[in-house]
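Below you'll find the structure, written out as structure tokens, and then a few comments.
Rule-based calculations on the coordinates, nothing more; no lab input. Only a predicted model underlies this, so the values are computations on that prediction, with no experimental measurement involved.
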């Protein structure tokens, strides 16, 4: 038998809470079991079989929370085959085991290091140029896009099982991740430029130059593999301190 | 050259491709694992995850020509699944002269393991194995991602004793 459409939607909804019970021993294991549970209830009417099925999905699991939806979908695909006696109970577990690492890499690279920073930079630039509606619009587009991708991956996993990799390969997410990273860097450069021009216009040419020097020092430090957050704060406070000092010196004259 | 050898049950994942590969400027990832090498699904999944400009090989531990990797002009990241696999690799030629640091990434919780770091749990025999690898000349460190602080073997042993 196959899992009804309404149950699949319910499982997808529960996938959004994959990390809600994150723990050091099993990581996303409770979230995974919670997400797949409605499907297992449909597939196994015998309480003993249902309990055994839920237990096997309580094993350690860790993936990127977005790309993991492909694995939840694929695990249901395999559980349908287990319930029909077409494959051993180890099938869904092997599927989870093999895909969790590589799909975590795809998700980290595309969503965390590509799409999200890009939309963050877009929101910052949009807000500088057009005001707060641009911020709301950026958040909206990012969320529609990522939820659509999560749903697409979930469906692809459920429909095609192991073939989900072919579908995923067609999206070429690692290549898009590289493009988004480059585009995000360009946006950040434009933001720094706008900031410098605006500071120069409002306070004076020195303020604009100072802002550019602070930003450039931060970029150079990052190039030498400085840590991101301390570097950002150091560059910001350095710029502010020198700016304040300049103000005092000028005011004292 | 072999830039780093890493022990990680999850093999190729985000920490490896987004964290270590850019940090080490590695152009090639060699996954030395019998189980993954035998699974077409695992091989396809790992290839799919690679960023542009990075290559990957998946081979059984016993089939890797460590001398050739060490002599290669490319910077290579080696990933092994377990401490036992690292010992087999050492016997096969993955020597400290070819790669001085042995990194522990993710070894998950199980009944016989004790917690060392948030991502590394070790059993008694595994700590023994790490002692032998350190005695052979490796600098053993537990460190999930490049920005984490490295936990050395002495500290690993101390935490294991407490756990």
Using a Gaussian network model of chain A with C-alpha springs under 10 Å, which one of A:237, A:214, A:62 is most mobile by mean-square fluctuation? A:237
With a bin width of 10 angstrom, please list the P(r) values of region A:111-253 as percents of all Cα-Cα pairs, from the 0 bin to the one holding the largest distance. 10, 28, 29, 18, 9, 4, 1, 0
How big is D, in µm² s⁻¹, for region A:69-185 by Stokes-Einstein at 20 °C and 1.002 mPa s if Rh is the Kirkwood radius over C-alpha pairs? 137
For chain A, what does the helix formula give at 222 nm: sum of -39500 (n - 2.57) over DSSP H segments with n ≥ 4, over the residue count, nearest 500 deg cm²/dmol? -26000 deg cm²/dmol
Among B:148, B:34, B:65, which one shows the biggest mean-square fluctuation in a GNM of chain B, springs joining Cα atoms closer than 10 Å? B:148
Global form of the protein assembly as shown, assessed from the alpha-carbon gyration tensor, a/c cut-off 1.5: oblate
GNM result for chain A, Cα springs below 10 Å: residue of A:99, A:30, A:238 fluctuating most strongly: A:238
With the contact rule set at Cα under 8 Å and sequence spacing of 6 or more, what percent relative contact order holds for chain A? 16
Using Stokes-Einstein with the Kirkwood hydrodynamic radius over Cα pairs, what translational diffusion coefficient do you get for chain B at 37 °C and a viscosity of 0.692 mPa s, in µm²/s rounded to a whole number? 208
Shape box of region A:1-161 [Cα atoms, principal axes, largest first, Å]: 60, 32, 25
Using a Debye calculation, one point per C-alpha and no hydration shell, please list log10 I(q)/I(0) for region B:75-135 at q = 0.14, 0.17, 0.20 Å⁻¹ in order. -0.40, -0.59, -0.80
Report, in deg cm²/dmol and to the nearest 500, the calculated mean residue ellipticity at 222 nm for chain B, where each DSSP H run with n ≥ 4 adds -39500 (n - 2.57) and the sum is divided by the residue count. -9000 deg cm²/dmol
What are the extents of the Cα atoms of region A:172-253 along their three principal axes, in Å, largest first? 60, 26, 14
